[in-house]
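Beneath this line is the structure, given in C-alpha cells, with notes to follow.
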Amino acid sequence: MKLKTKIIIGISLTLFLFFSYIGYGLYLMSIEDKYGDFQELYSEINKSDNYFVIIDYKQVGFIKKLEGEIYIAIDDNLKHLLNYSNNNIEVYKFEVNETYSSFSLKDAVQLKKEKSTELIYKN
C-alpha cells in the first residue's frame, strides 16, 4: 500500500475510535442525567433475571426493564422507577423456585433470607 493510503486509513480509524468514545460517554451521561442515584441499579438490571423490590417496607413489586426503561410492577400496574425516588428501596435478585399466586411483603421477607437471593441495591 502507498503511504498516502496508510495515512488515510490511520486517520479514519483514529477519528472513528475518538467519536465512538465520545458517543459512549454521552450515552453514559444520559443515563446519569435520567436516573441519578439509580444509575448503578440501571447497569445491574438484566432483562433475563428476576428481581423484586421492597418499598418503604410496606409495598413489594417486581422490577421490569422494558426498552431501556426500568419499571416496578405492583399489583399488575407498571410505574417508572423514578416515581419512587423519594422512598427507601431495596432491590433483590432471586431465583424462581416456586410460583406465587400473589406476592406479598411476607413472601419477600422470607425470600430475601434464602441463600440464592442477593441484595443488589439499597438506598
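The values are calculated or read from the model by the stated rules, or taken from the named source; none is laboratory data. These numbers were taken from a predicted model, which means no experiment stands behind them. Cβ placement follows ideal geometry from the backbone for every residue including glycine, while neighbour counts extend to all protein chains displayed. Each accessible area value is taken on the protein alone, full model and side chains, heavy atoms only, with ligands, DNA and RNA left out. Shrake-Rupley method; radii C 1.70, N 1.55, O 1.52, S 1.80 Å.
Region 14-120: which trypsin sites (Lys or Arg not before Pro) are DSSP loop and have at most 11 other beta-carbon atoms within 10 angstrom?
Sites meeting the loop and neighbour criteria: 47, 58, 113, 115.
Just to be sure I understand the model, the point goes 7 Å from the Cα along the line to the Cβ. What's the resulting residue 47 to residue 114 distance in nm?
2.5 nm
Charges only on Cβ, +1 for Lys and Arg, -1 for Asp and Glu: so what's the dipole of region 28-112 about the Cα centre, in debye to the nearest 20?
160 debye
Looking at the chain, which longest stretch skips every one of the chymotrypsin sites (Phe, Trp or Tyr not before Pro) that is in a DSSP loop with at most 12 other Cβ atoms within 10 Å, leaving the sites themselves out?
It runs 1-56.
Within the chain, what whole-number % of the accessible surface is contributed by carbon and sulfur, with the 1.4 Å probe and all protein chains included in the calculation? All intermediate terms of the calculation are to be shown ahead of the outcome.
Working: 4800 of 8940 Å².
The computed percentage sits at 54.
About the Cα centre of region 76-123, how large is the charge dipole given +1 on each Lys and Arg Cβ and -1 on each Asp and Glu Cβ? Please answer in debye to the nearest 20.
On the way: 7 positive and 7 negative charges, 40 e Å.
With Lys and Arg at +1 and Asp and Glu at -1, about 200 debye.
Counting helices only, and only those DSSP H runs with n ≥ 4, report the 222 nm mean residue ellipticity of the chain as the sum of -39,500 (n - 2.57) divided by its residues, in deg cm²/dmol to the nearest 500.
-12500 deg cm²/dmol
With Cβ to Cβ distances under 15 Å as the rule, what net charge do the other residues near residue 85 carry (K, R +1; D, E -1)?
-4
Report, in degrees rounded to the nearest 10, the 0 to 90 angle that the Cα long axis of helix 3-35 makes with the longest principal axis of the chain.
Approximately 20 degrees, to the nearest ten.
Considering Cα pairs under 8 angstrom that are at least six residues apart, work out the relative contact order of region 1-95 and quote it in whole percent.
Here the relative contact order equals 21 percent.
Given 0.36 nm per residue, what is the gain on full extension from residue 97 to residue 21 after removing their alpha carbon distance, in nm? Could you put the intermediate results ahead of the total?
On the way: separation 76, 0.36 × 76 = 27.36 nm, distance 4.19 nm.
Gain in length upon complete extension: 23.2 nm.
So what does residue 29 come to for accessible area, using a 1.4 Å probe and Å² rounded to 10?
100 Å²
Of the listed values (1) 2, 11, 19, 24, 20, 13, 8, 3, 0; (2) 2, 11, 24, 27, 22, 11, 3, 0; (3) 2, 9, 17, 18, 14, 9, 6, 5, 5, 5, 4, 3, 2, 1, 0, identify the label whose number matches P(r) over Cα pairs in 5 Å bins from 0, in percent calculated from this model.
Entry (3).
Rounding to the nearest 20 debye, state how big the charge dipole of region 41-80 is about its Cα centre with +1 on each Lys and Arg Cβ and -1 on each Asp and Glu Cβ.
Its charge dipole is roughly 20 debye.
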